[in-house]
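Here the structure comes first, spelled out in structure tokens, and everything after it is commentary.
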């Protein structure tokens, strides 16, 4: 499928601007998140999910990658919300009991990251859309190939 990178970038930039301007419907986004990331909200009541989404909108771009990716998915109309990493593996580990990445003594928010994969551009490459990587020093809006410092989980390591 040929991608219109200009259109994807425009949607991503508009979505980011709407988050920054607090023009995102928390109720609609909570519904989208429950559809496209059910494992994130499993066992939560709708009120808890809504509360988490409100917090994500308030703290954007920090701690909001799942919500931002779900909103991108809604606006673009396709894609997979990927649980991955931003940054290199520094010897941390995945704590199964806590269900999160741990690096050294810190629970590492700079390793766990979500972004939208809109599909393969060819046999070997995926195209991703990310509007929250700037919380880690990355670009505010990125549309392009999946490559370092982005990665998918690989046996719970950032590779």
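The values are calculated or read from the model by the stated rules, or taken from the named source; none is laboratory data. No experiment lies behind these values; they were computed from the predicted model shown. Glycine also receives a Cβ, built like all others from the backbone with ideal geometry; neighbour counts cover every protein chain displayed.
Output the residues belonging to the range 76-105 that are at pLDDT 90 or above and surrounded by 17 or more Cβ atoms within 10 Å (Cβ to Cβ).
Passing the criteria: 79, 81.
Specify the residue that is nearest to residue 6 (Cα to Cα); the eligible residues are those in the range 109-148 that are out of contact with any helix residue (DSSP H, G or I) (no Cβ under 8 Å at 6 or more places or on another chain), at pLDDT 75 or above and assigned to a loop (DSSP other than H, G, I, E, B).
Across the range 109-148, the extreme among qualifying residues is 146.
Of all residues in the range 45-74, count the ones that are over 23 Å from residue 149 (Cα atoms) and loosely packed, with under 15 Cβ neighbours inside 10 Å.
7
Restrict the check to the range 48-58 and report whether at least one residue is in contact (Cβ under 8 Å) with a residue 24 or more places away in the chain and assigned to a loop (DSSP other than H, G, I, E, B).
Within the range 48-58 (the criterion being in contact (Cβ under 8 Å) with a residue 24 or more places away in the chain and assigned to a loop (DSSP other than H, G, I, E, B)), the answer is no, since none of the residues qualifies.
For a quick check of your reading of the model, give me the residue pairs whose first member lies in the range 26-43 and is at negative phi and without any contact (Cβ under 8 Å) to a residue 12 or more places away in the chain, whose second is part of a helix (DSSP H, G or I) and exposed (fewer than 13 other Cβ atoms within 10 Å of the Cβ), with beta-carbon atoms closer than 9 Å and at least 6 apart or on different chains.
Short answer, once both residue conditions are applied: 31/46; 41/48.
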